[in-house]
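Have a look at the structure below before the remarks.
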Amino acid sequence: MIFWRVKPLNQILETAEKKALKRQLGPIQLTLLGIGAVIGTGIFVLTAEAAQKAGPSMMIAFVIAAVVCGLAALAYAELASMLPVSGSAYTYTYGVMGELIAWVVGWALVLEYAIGATAVTVGWSKYMNGLLNNDLFGLVAPGSLALPDWLQTGYFSGGGFNLLAFLIGLAVTWLLVIGTSKSARVNAVLVGIKIVALSAFILLAIPAVTNANLHPFMPGGWGNPIGSNGVGVLGAAASIFFAYVGFDAVSTAAEETKNPNRNIPIGLLGALLVCTVFYLLVGYGAAGSIGAQPLFGADGLPLDPGTPAMTAACVGSDALVCSGEPLAHVMRMLGHPVIGNLIGLAAVIALPSVILMMMFGQTRIFFTMSRDGLLPDAFSAVHPRFFTPHVITYVTGIVVSICGALFPVGKLADTSNAGTLLAFAMVAIGVMILRRQQPERPRPFRTPLVWIVCPLAVIGCCVLFVNLSAIAKGVFVGWAVIGLILYRLYGYRRSQLAPPSN
């Protein structure tokens, strides 16, 4: 039986009260945390990858990804207001569909958060290396501060060891350990920097838009709703879905939120709305000002980003799709090199807020799984001074830093999306099940048109999942198998819901 060891919602709340985190976040901080998690590598770096898959129609891909995320956010808001505790989709699934599916979802969320944070460390290093390879606003000779090539990219990207990605991962780990409220204040400053940078980009890029740069608008076509080769609008939407998933981190902060029944929905939906507007304007400005046409292979299809063929095709090219720092690249191509460097600097300063929120979400998921007995007790240890889950934060930070030093950003983002899409679909299904099983339970926030919104969220997640790269889907399956083995060997026996004889 699949739906077994279901943990009653009241018991989930009682468990959280026994080993709880301090409530210290308000609605503005939550919304800023969401914006901080969403506006990051997805728009600063993956714009180039989206353009390579869909051309100017990447704007449609941004809309598709936003709609699917919006539908899922409405479901998240209902469950988060009912269960204002750490754990996000894992906790919600535990209270509705039982321990086995909850474990699968929690294990999949590792791909969302840990691998997502890794992708952002790589994206940050691209902008930082871009600044070091230039003249730093005329202060030094061009390239005089540049790192050796083998330290600029990871081993699986054709380099050696991405030193800057490794170091930023360690720095964010330290910041998370010293405290949630401190992290939130730093995040608010970083969000402001990102908003200013993107606003400057929009103001300069949109006036330079010409219709010629938007044609052909859809060079890769739509893609296939039941699975494609990762190109076209749907392939781009599947990749850049990563750009929005940070809103899920807001729900993981429920246990540390003041008046969560009101503030969690505000944080979720507010962050998603603000970020969607920025993404559409930035995508339009980038594609329309300098063009966003993909590079094609001998088969007439857009080349797969991150492959040797794509790398070879980009040698000596100024195309947007070839840039590791696309927004700064657009400004330089438009004759604004100083602004381009400033946007690069803003990305360097502000992208760590996304790493922070991704790692924040990861540590809170493992904290909750440990509290439920599915992982060792050490993972739910709380620091006596900073009141943060420091042990799992250190573990997560080390893994993120090492992976960021070795792997390419695009493949990491796709892999992150695989776990996210499963979690989002499970949340939407959980809302529908609870509406049937416990219709009388108080719901401070109710998903509107639930029997339309939630099925559409599930369908949207499935369509995007099948349009992920074959590598991402393969990694997801392998990761799920490893997780099931670990659950059978440890979590199944040590769970709080396990019979005493076990």
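The values are calculated or read from the model by the stated rules, or taken from the named source; none is laboratory data. Treat the numbers as computed from the prediction; the structure is a model and nothing was measured. Cβ atoms come from the backbone with ideal geometry, glycine included; neighbour counts cover every protein chain shown. Quick note on the areas: whole protein, heavy atoms, side chains included, nothing else; ligands and nucleic acids left out. Shrake-Rupley method; radii C 1.70, N 1.55, O 1.52, S 1.80 Å.
Find the relative contact order for the chain and round it to a whole percent, using C-alpha pairs within less than 8 Å whose residues are 6+ positions apart.
33 percent
How big is the charge dipole of segment 51-205 about its Cα centre, in debye rounded to the nearest 20, if each Lys and Arg gets +1 on its Cβ and each Asp and Glu gets -1 on its Cβ?
Magnitude of the dipole: close to 240 debye.
I want to verify the translational diffusion coefficient of the chain in µm²/s; compute it with Stokes-Einstein, Rh as the Kirkwood radius over Cα pairs, at 4 °C and 1.567 mPa s.
The calculation lands on 58 µm²/s.
Using a 1.4 Å probe on the protein heavy atoms only, what accessible surface does Leu131 show? Give it in Å² to the nearest 10.
Its heavy atoms expose roughly 10 Å² to the probe.
Across the Cα atoms of segment 345-444, what radius of gyration and what greatest pairwise Cα-Cα distance (Dmax) are found, in Å?
Spelled out, the Cα radius of gyration and Dmax of segment 345-444 are 17.3, 52 Å.
Rule-of-thumb check for segment 301-350: C-alpha Rg over 2.2 N^0.38 Å?
1.29
Which entries in Lys53/Lys473; Lys194/Lys473; Lys194/Lys258; Lys194/Lys411 show an alpha-carbon gap greater than 21 Å?
Long pairs (Cα-Cα over 21 Å): Lys194/Lys473; Lys194/Lys258; Lys194/Lys411.
Would you kindly calculate the mean projected area, averaged across all directions, of the convex hull enclosing the Cα atoms of segment 385-476, in square nanometres?
9.4 nm²
With a 1.4 Å probe and every protein chain left in place, work out the accessible area per residue of segment 399-464 in Å², rounded to a whole number.
That works out to 38 Å² per residue.
Could you give the angle, 0 to 90 degrees to the nearest 10, between helix 116-133's Cα long axis and the longest principal axis of the Cα atoms of the chain?
The answer is roughly 30 degrees.
Principal axis lengths of segment 31-76 from Cα atoms, whole Å, largest first?
Result for segment 31-76: principal-axis Cα extents of 31, 20, 10 Å.
Rounded to the nearest 10 degrees, what's the angle between the helix 260-290 long axis and the longest principal axis of the chain, both from Cα atoms, 0 to 90?
20 degrees
Ile482 versus Ala171, label points 7 Å from Cα toward the beta carbon: distance in nm?
Computed distance between label sites Ile482 and Ala171 equals 2.8 nm.
Where does each of Cys454, Cys462, Cys314 land when they are ordered by accessible area, with a 1.4 Å probe and the largest first?
Largest accessible area first, the list is Cys462, Cys314, Cys454.
Residue by residue through segment 383-388, which ³J(HN,Hα) values in whole Hz follow from phi under the Karplus form 6.51 cos²θ - 1.76 cosθ + 1.60 (θ = phi - 60°), with glycine and proline marked x?
So the J values, rounded to whole Hz, are 4, x, 9, 8, 6, 10.
In µm²/s, what is D for segment 62-179 at 20 °C and 1.002 mPa s, where D = kT/(6 pi eta Rh) by Stokes-Einstein and Rh is the Kirkwood radius from Cα pairs?
D = 122 µm²/s.
Would you pull out the residues with amide H under 5 Å of Val6's amide H, same chain only if 5 or more places away, H placed 1.01 Å from N?
Residues meeting the amide H criterion: Glu99.
Bin by bin, in steps of 5 Å, what percent of the Cα pairs in segment 422-502 do you find, going until the bin that has the longest distance?
Binned Cα distances yield the sequence 3, 12, 15, 13, 15, 14, 17, 10, 2, 0.
Express in % the proportion of alpha carbon pairs of segment 277-360 at distances exceeding 21 Å.
The answer is 42 percent, as a whole percent.
Return the carbon/sulfur percentage of the accessible area of segment 270-313, one whole number, probe 1.4 Å, all protein chains in place.
73 percent
As a test of reading the structure, rank Thr118, Thr311 by solvent-accessible area (1.4 Å probe, protein chains only), most first.
Largest accessible area first, the list is Thr311, Thr118.
Just order 468-476, 388-396 by mean Cβ neighbour count inside 10 Å, highest at the front, would you?
Answer by packing, highest mean first, reads 388-396, 468-476.
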